[in-house]
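Notes for the one structure printed next.
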Amino acid sequence: MFKLVLIWTCLVIGEAGEVNGCREQEFRDRNGNCIACRQCGPGQELSKECGFGYGEDARCAPCRPNRFKEDSGLQKCKPCLDCALVNRFQKANCTATSNAMCGDCLPGFYRKTKLSGFQDMECIPCGDPPPPYELLCK
Ligand SMILES: *[C@@H]1O[C@H](CO)[C@@H](O)[C@H](O)[C@H]1NC(C)=O
């Protein structure tokens, strides 16, 4: 009896990753074979979804503006960091293959240091009165 349950469990798990006969990262070609989805290089992503047996005509397309992808692979382009939004200078612009890099806080803003020693990504206004030990706010 225990053996039967084990076999049944294996069958269910084996099928869980497949819909339409193909796996998550596969499409079905004209002959009905499951083929691995195309992987796009840095700065590019698939123009259509691919997987679970769909997407055979998907092509690689450049990341849209303000998005980037550093590596080759199946992942999508990600939104670039917006330095203005976190009140910091821009050290490097975003490109299709690299994220933007932010520099120091804009004048009148400071970054909190967390207990872990890391600093927050976002700079916050010094306020009135400014926090007493923040050099950036003097
Ligand atoms: C980012 O791009 C803008 C506009 O093209 C340019 O004026 C600026 O100098 C660039 N900044 C850096 C850090 O390269």
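Evaluate the following for LYS48: is it closer than 23 Å to GLU26 by Cα and open to solvent by 30 Å² or more (accessible area, probe 1.4 Å)?
yes
Can you find even one residue in the range 65-77 that is assigned to a strand (DSSP E or B) and within 30 Å of GLY21 (Cα to Cα)?
Yes: the range 65-77 contains one or more residues that are assigned to a strand (DSSP E or B) and within 30 Å of GLY21 (Cα to Cα).
Kindly evaluate GLU45 against the criterion of being more than 14 Å from the ligand (Cβ to nearest atom), assigned to a strand (DSSP E or B) and modelled with pLDDT of 90 or more.
When the stated conditions are applied, GLU45 passes them.
Scanning for something under 30 Å from GLU26 (Cβ atoms), open to solvent by less than 50 Å² (accessible area, probe 1.4 Å) and modelled with pLDDT of 95 or more, does the range 102-121 turn up at least one residue?
no
Could you count how many residues in the range 79-110 are assigned to a strand (DSSP E or B) and either under 24 Å from the mean Cα position of the chain (by Cα) or closer than 21 Å to CYS63 by Cα (or both)?
Count: 11.
Is there any pair with a first residue in the range 82-95 that is open to solvent by 60 Å² or more (accessible area, probe 1.4 Å) and basic (Lys, Arg) and a second that is in a strand (DSSP E or B) and near the ligand (Cβ under 9 Å from one of its atoms) whose Cβ atoms are under 8 Å apart and which are 6 or more apart or on different chains, and what are they?
Between residues of the range 82-95 that are open to solvent by 60 Å² or more (accessible area, probe 1.4 Å) and basic (Lys, Arg) and residues that are in a strand (DSSP E or B) and near the ligand (Cβ under 9 Å from one of its atoms), the close pairs are LYS91/MET101; LYS91/GLY103.
Name the residues in the range 111-125 that are in a loop (DSSP other than H, G, I, E, B) and either within 21 Å of ASP82 (Cβ to Cβ) or aromatic (Phe, Trp, Tyr) (or both), would you?
Listed by number, the residues that qualify are ARG111, LYS112, PHE118, ASP120, MET121, GLU122, CYS123.
Tell me the residue from LYS138, LYS76 that is open to solvent by 50 Å² or more (accessible area, probe 1.4 Å) and either over 29 Å from GLU26 (Cα atoms) or among the hydroxyl-bearing types (Ser, Thr, Tyr) (or both), please.
Exactly one of LYS138, LYS76 is open to solvent by 50 Å² or more (accessible area, probe 1.4 Å) and either over 29 Å from GLU26 (Cα atoms) or among the hydroxyl-bearing types (Ser, Thr, Tyr) (or both), namely LYS138.
Report, by residue number, each residue of the range 126-138 that is of a type outside the set (Asp, Glu) and outside any helix (DSSP H, G or I).
CYS126, GLY127, PRO129, PRO130, PRO131, PRO132, TYR133, LYS138
Restricting to the range 85-120, what's the tally of residues that are out of contact with any Cys (no Cβ under 8 Å at 6 or more places or on another chain), of a type in the set (A, V, I, L, M, F, W, C) and more than 12 Å from the ligand (Cβ to nearest atom)?
Number of matching residues: 3.
The values are calculated or read from the model by the stated rules, or taken from the named source; none is laboratory data. Just so you know, these numbers come straight off a predicted model, no measurement behind them. We place every Cβ from the backbone using ideal geometry, glycine too, and count neighbours over all the protein chains shown. For accessibility, only protein heavy atoms count, side chains too; no ligands or nucleic acids. Shrake-Rupley method; radii C 1.70, N 1.55, O 1.52, S 1.80 Å.
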